[in-house]
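All remarks here apply to the structure that follows.
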Amino acid sequence: MHSALLQRISTRPDGPLDITWLAAETPQLPLGRIRLRWEPALRSGWEVTAYLGLSTAEVLLGSWPAVPDDWPRLVRPTLHEVTCLCAALSFATDALDLSNRLSGV
């Protein structure tokens with residue numbers, strides 16, 4: 001396995017991150033989805049990176065070098081905020097599309 005797709009973030013501040021493992025040949029992420037990668041750091045801890053799927057590319061969302069074993073607790077706030085923002089943008093886009101269809105634009 002190469003990385004993991006973030007499926008759900010617990011609403012509890014210390015809650016778990018639910019993931020699904022992804023194979024190395026997994027295609028580009030769907031819009032608003034987050035891919036996590038972690039590997040042992042050179043000296044200690046973990047090198048953690050997160051990528052966000054946009055409509056035309058995947059972009060680096062964040063990088064946390066040499067974080068301790070409890071790294072999910074450290075990256076969770078960023079992942080939660082971005083996930084909520086993507087959901088809000090998706091809802092707003094759907095509402096705008098519906099409004100345009102109803103008005104005949």
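Quick notes on this structure:
- Looking across Arg76, Arg37, one residue alone is among the charged types (D, E, K, R) and either in contact with a helix residue (DSSP H, G or I) (Cβ under 6 Å, 6 or more places away or on another chain) or open to solvent by 60 Å² or more (accessible area, probe 1.4 Å) (or both). It is Arg37.
- Ser55, sole failed condition from (1) open to solvent by less than 90 Å² (accessible area, probe 1.4 Å); (2) modelled with pLDDT under 90; (3) not hydrophobic (A, V, I, L, M, F, W, C): (1)
- Number of residues in region 58-73 that are within 20 Å of Pro13 (Cβ to Cβ) and either without any contact (Cβ under 8 Å) to a residue 40 or more places away in the chain or open to solvent by less than 30 Å² (accessible area, probe 1.4 Å) (or both): the value is 8.
- Taken over region 81-97, the criterion of being open to solvent by 80 Å² or more (accessible area, probe 1.4 Å) and either over 19 Å from Ile34 (Cβ atoms) or free of Cβ contacts under 8 Å to residues at least 24 places away in the same chain (or both) is satisfied by Glu81, Leu85, Phe91, Asp94, Leu96.
- Some residue of region 16-33 being on the phi > 0 side of the Ramachandran plot, in contact (Cβ under 8 Å) with a residue 40 or more places away in the chain and of a type outside the set (Ser, Thr, Tyr): yes
- For region 48-74, the set of residues classified as within 16 Å of the chain's Cα centre (by Cα), over 17 Å from Leu22 (Cα atoms) and among the charged types (D, E, K, R) consists of Arg73 only.
- In region 46-105, residue nearest to Pro30 (Cα to Cα) [restricted to those that are assigned to a helix (DSSP H, G or I) and aromatic (Phe, Trp, Tyr)]: Phe91
- Matching residues, region 1-44, being more than 14 Å from Arg73 (Cα to Cα) and among the acidic types (Asp, Glu): Glu25, Glu39
- The listed residues are Arg8, Arg37, and the only one of them that is in a strand (DSSP E or B) and in contact with an Asp or Glu (Cβ under 7 Å, 6 or more places away or on another chain) turns out to be Arg8.
- Qualifying residues in region 1-19 (those that are polar (S, T, N, Q) and open to solvent by 60 Å² or more (accessible area, probe 1.4 Å)) - the one farthest from Ser63 (Cα to Cα): Thr11
The values are calculated or read from the model by the stated rules, or taken from the named source; none is laboratory data. On a predicted model such as this, the values are computed, not experimentally measured, just so you know. Ideal geometry is used to build each Cβ from the backbone, glycine not excepted, and the neighbour counts take in all protein chains shown. Heads up: the accessible areas ignore ligands, DNA and RNA and are worked out on the full protein's heavy atoms, side chains in. Shrake-Rupley method; radii C 1.70, N 1.55, O 1.52, S 1.80 Å.
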